[in-house]
């Protein structure tokens, strides 16, 4: 009996289907559940069935359906080189599979071979989402891994910028690069086009940073995130012709009216006798246009001068008017917080109290009520509204809106379930909940949030008050940077600023800021380094206990690390967890690099994020942080230096009291945020 021989085409089809099946993955989010007979379920089914029909050749489509709590938001993104029929087919399959993979979940994402489908009970448009990711890699290692991975990084960095600069319809780029052993690398990166260039770049930077952790030395890898995807292989995998066609289509200029020089033969041109008239008419038009432009410029200058002379309150009102869409009715917030009852009070800071609330649609919120008698209340309010409303990142507390009623100034944020980091880190009972994995995730999340503020957001932001109490933890212990009341907006090319008003929290301030009022992104890096050391030791920066001795955390950390006895300073919880001493030592090393005296010696947050994600990158030896040691400057002298700036002190503490005295504990902190 003759054996049956399979045609090559059939074998290829089977392998392709198996690969697509292995690649298809779903992630279900804990955003609540729906029942099968609910309105939400009906809206979801209707919306999913419409996605494949409405997507166009750009491969992206988003829509919503329903009202209030029953609203469903959905979006689809096809890989940039996929033809429209294949795109629609992929979406149909994903829509059919996602409900079965995540039954009754209100939020989910489905990664198929050629498309990504997402739905949620929260708006997703223009908001970066990187909280879940899938990784697939080639099981074969590169023959020359060092050079191969360096070429991978160069290639994906180049095309990352191209994708981020794409328009509102497509953000995709692909390319190739020669590498070792006469091989060629191919890579494709893509973001959802609703993201800004900064958010697209941020998402792809995170995907690139994951490569050393999950795909190091592998000949191929895919990083799949809801907002962006990345893939590289040592064989071609994308349709280059299709990408070139779409690129040419996007770059095609609009048709221009023909000139007389370009008119085809036989086309009538202007009669010879009218050429002079045309010249005269042209001259008149030019003169009139110039005159109009001059008049407009003069009026614009007058308006600009008038605006700069407005009082701060007028500027505030003008700014707030431009953000009317974010404004809540005061009575609504008052009702949500039960008239700001003490039972709903989460904490008290230098500029007011924070309350938990619940809106009529069931959404939980945190409301910051600025003190009416605060001399800087309006400035604080304006600062947070203008800055935070433009910031969107998973590691920043989400700003929802504001409310004004008479002298009342309210800021409305998302409610973050697990309070602030200090409530866990410095509490002997809760501290064991912060094992190595959670602490490492918290450090990485804070780093990515700062990187977004410094380099990837629409604005360049210096936080200036980064500390454990301003790091909030959500239900999955993901960190969120909070409280932007002291943040400063900088020009894109500005590297340093100066101020006569020193504000912040003692122990987290960099030397150049505390002593000279000079702040920069490296000021935040210093604060981040202090945070790392606190997270690794479980102790506050101003009261590290070594047996019966209490000393400064930064000095003690450097001594332990320099002597090679850092195990003696780490939190006992970490010793009992699964974290290796090598990884813990590396985090302490990074923290010490961040708190060096000279800001030029401190790393940027971009390099910090990279070193946290790759344990193969060598680190320089940190210099001893002498700022807090008694050999260079006493803490009392430093505190008096703060108070010597007449406009700088915002506290009522006596000048001669030490920051460690009972009466003036944490005296330099002017803003707190303690949700629970």
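Tabulated results
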item: Helices (runs of 4 or more DSSP H) within region 524-626 that include 1 or more residues free of Cβ contacts under 8 Å to residues at least 60 places away in the same chain and closer than 14 Å to residue 443 by Cα; result: 581-594, 605-613
item: Odd one out for residue 28 among (1) crowded, with 20+ Cβ neighbours inside 10 Å; (2) in a strand (DSSP E or B); result: (1)
item: The one condition in (1) in contact (Cβ under 8 Å) with a residue 60 or more places away in the chain; (2) touching a strand residue (DSSP E or B) at 6+ places or on another chain (Cβ under 9 Å); (3) not in a helix (DSSP H, G or I) that residue 113 fails to fulfil; result: (2)
item: Residue 129 vs. criteria surrounded by 20 or more Cβ atoms within 10 Å (Cβ to Cβ) and within 27 Å of residue 74 (Cα to Cα); result: yes
item: Among (1) outside any loop (DSSP other than H, G, I, E, B); (2) touching a strand residue (DSSP E or B) at 6+ places or on another chain (Cβ under 7 Å); (3) surrounded by fewer than 20 Cβ atoms within 10 Å (Cβ to Cβ) - the single one residue 86 does not satisfy; result: (2)
item: Residues within region 568-580 that are at pLDDT 85 or above and over 15 Å from residue 544 (Cβ atoms), tallied; result: 2
item: Test set (1) in contact (Cβ under 8 Å) with a residue 60 or more places away in the chain; (2) in a strand (DSSP E or B); (3) buried (at least 22 other Cβ atoms within 10 Å of the Cβ) - residue 176 fails condition number; result: (3)
item: The one condition in (1) at pLDDT 90 or above; (2) under 22 Å from the mean Cα position of the chain (by Cα); (3) part of a loop (DSSP other than H, G, I, E, B) that residue 124 fails to fulfil; result: (1)
item: Residues satisfying the stated conditions in region 215-235, i.e. under 30 Å from residue 168 (Cβ atoms), part of a strand (DSSP E or B) and in contact with a strand residue (DSSP E or B) (Cβ under 6 Å, 6 or more places away or on another chain); result: 221, 222, 223, 224, 228, 229, 230, 231, 232, 233
item: Failed item, numbered, when residue 45 is tested on (1) touching a strand residue (DSSP E or B) at 6+ places or on another chain (Cβ under 9 Å); (2) in a helix (DSSP H, G or I); result: (1)
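The values are calculated or read from the model by the stated rules, or taken from the named source; none is laboratory data. Predicted model only: the values in this text are computed from it and were never measured. A quick note on method: Cβ atoms are made from the backbone with ideal geometry, for glycine too, and the neighbour counts reach across all protein chains shown.
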